[in-house]
Amino acid sequence: MGKFSKNIAVAVMSCAALMTSVSVPVIADDAAPTDIKDRTSPPDPVSELAKLDGYKFEDGRYRNKDGDPQPVATKDYMVDWGTWNGFRRYHDACHVCHGPNALGSTFAPALADSLKTMDYATFVGIVSGGRTTNKGGTMFVMPAFGEDRNIMCYLDDIYTYIKARSLGIMPPGRPNGREDISDEAKKAADDCTG
């Protein structure tokens, strides 16, 4: 077994339970829309919905008033670029432990459930720094991915995908469509991956 295969096996076997009770910020229904530039002509339904939800477009992502990345999904499950890319990246790296569609596995929690109570900062801290939890005498280990560009360069996207699943605005499976990638998102990915 090669070194890469051993590292993958170690990562798979060391995924951990993520449970916390941090409240998730809620955007009021009457929040004033923020100006989001349209990146397609005519404007796509995703950016229009983001405006209605009061999200601003910054650094290639839709963000709430606190600057946390947010998913945007229409009723027919067309999603923003970040959520689409997060779906792809999650199923490339995270599903091995946390199951397809963020539904969990026999040894790692359903992240769709975890993000119902976990805030963005806690999520970033756990993914980048790892975590060890003792539950009933069993040690669960979430490895640290802070040095892994394939995870960290797309962490906001992975978060928005899992958040969309936790909010119930995206069902299991592939989204029905996506908005185009913005120049800002392209540049951010290029700058991060080198």
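The values are calculated or read from the model by the stated rules, or taken from the named source; none is laboratory data. Not measured: the values here are computed from a predicted model. As a convention, Cβ positions derive from the backbone with ideal geometry for all residues, glycine included, and neighbour counts pool all protein chains shown.
The table for this structure:
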read-out: Any chance Leu155 is surrounded by fewer than 17 Cβ atoms within 10 Å (Cβ to Cβ) and modelled with pLDDT of 95 or more; value: no
read-out: Any hit, the stretch 43-66, residues being within 20 Å of Phe145 (Cβ to Cβ) and outside any loop (DSSP other than H, G, I, E, B); value: yes
read-out: The one condition in (1) among the charged types (D, E, K, R); (2) within 16 Å of Ala164 (Cα to Cα); (3) at pLDDT below 90 that Asp29 fails to fulfil; value: (2)
read-out: Condition check for Phe123: surrounded by 15 or more Cβ atoms within 10 Å (Cβ to Cβ), at negative phi and not in a helix (DSSP H, G or I); value: no
read-out: Long-range neighbours under 8 Å by Cβ, at least six apart or interchain, first residue closer than 20 Å to Val79 by Cβ within the stretch 147-164, second polar (S, T, N, Q) and part of a loop (DSSP other than H, G, I, E, B); value: Thr160/Gln70; Lys163/Gln70
read-out: Residue that is surrounded by the fewest Cβ atoms within 10 Å (Cβ to Cβ) [pool: residues in the stretch 59-70 that are farther than 17 Å from Arg178 by Cα and touching a residue at least 12 places away in the same chain (Cβ under 8 Å)]; value: Asp66
read-out: Residue list for the stretch 96-112, restricted to those being buried (at least 16 other Cβ atoms within 10 Å of the Cβ), within 15 Å of the chain's Cα centre (by Cα), touching a residue at least 60 places away in the same chain (Cβ under 8 Å) and more than 16 Å from Lys163 (Cβ to Cβ); value: none
read-out: Index of the failed condition, Arg63 passing every other in (1) at positive phi; (2) modelled with pLDDT of 95 or more; value: (1)
